[in-house]
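Notes follow once the structure below has been shown.
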Amino acid sequence: MNHPFRSPPPPAEAERLREVFAEAAYDVTPSMVPLAAIEREGRRRRRRRGTAVLAAACGVLLVPLAVVVLHTGAAGEPSGPSSSVRPPSPTAGTASPSPSAPAGKVRVVAPGERVTVAPGTKIWLTEDGKHWTEPDAPGPQFRSVSDGNLDLSDPGISLQESGQGDGYFLSGIFHGPGEPARVTVTTSAGDVDGTALVLAGKPGWGVWYARVKVPKYATPDGTMTGVTERVTVHDSAGRVVATQDFTP
């Protein structure tokens with residue numbers, strides 16, 4: 001039976017083998033290292049890596065560009081679902097505020113502050129009463145609240161009517177307890193909202209006015225008077241501050 005392992009050579013034979021290998025090694029002349037080829041190969045590999053990095057960077061830059069092209073279309077026109085998107089249209093500009101108070105409102109004014117209430121017509125309040133101008137009047141007109149003609153101890157409303165153009169201008173003085181918040185004017189053409197002017201400090205009175213278009217056949221006698229039937233001033237809770245009937 002053969003043993004799987006061979007016995008080592010004798011010491012003299014081993015020494016001889018070492019000498020033979022040493023002589024053979026001295027006879028081998030090493031070749032020169034190809035430095036130039038190695039340098040060329042290094043440059044080539046660096047260029048390949050630089051090209052790969054540049055290509056990757058260009059790919060990253062081209063992706064958003066491709067998205068933009070797909071979104072806008074080749075000719076720069078919207079395409080696909082984006083074509084249905086439209087920017088919101090600008091809202092129309094609001095008109096300049098009128099120097100007069102909006103209809104149905106109460107405006108607190110300073111003494112002597114002139115308020116345009118109709119074309120060519122202005123009203124201003126002082127502590128002693130109502131002042132106003134009209135296109136056909138020779139000068140300012142005045143209605144006193146302190147000469148005794150108005151009994152401010154009881155609620156009441158006065159009235160002046162004048163025709164202006166194709167309508168009528170209605171105004172007067174109201175007085176009574178409470179804070180005015182709304183004025184309703186019943187005319188031969190229906191109800192309209194009036195506007196109130198008051199002085200600061202709760203003086204207990206104020207001026208109301210309204211404009212209304214009423215055809216002549218709707219007036220009681222076809223004249224310029226008799227348009228106003230009733231005027232009512234309410235406070236913010238709906239209570240009546242003052243009311244007055246003007247029907248015959």
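Just so it is clear, none of the values below were taken in a lab; they were calculated from the coordinates. What you see is a predicted model, and the numbers here were worked out from it, not measured in a lab. Neighbour counts are summed over all protein chains in view; Cβ atoms, including those assigned to glycine, are modelled from backbone coordinates with ideal geometry.
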Matching residues in region 136-195 (among the aromatic types (Phe, Trp, Tyr) and under 16 Å from GLN244 (Cβ atoms)) number 1
Checked pairs for region 131-154, first touching a residue at least 40 places away in the same chain (Cβ under 8 Å), second in a loop (DSSP other than H, G, I, E, B) and surrounded by fewer than 13 Cβ atoms within 10 Å (Cβ to Cβ), C-beta under 9 Å and 6 or more apart or across chains, list as VAL145/GLU127; LEU152/SER146
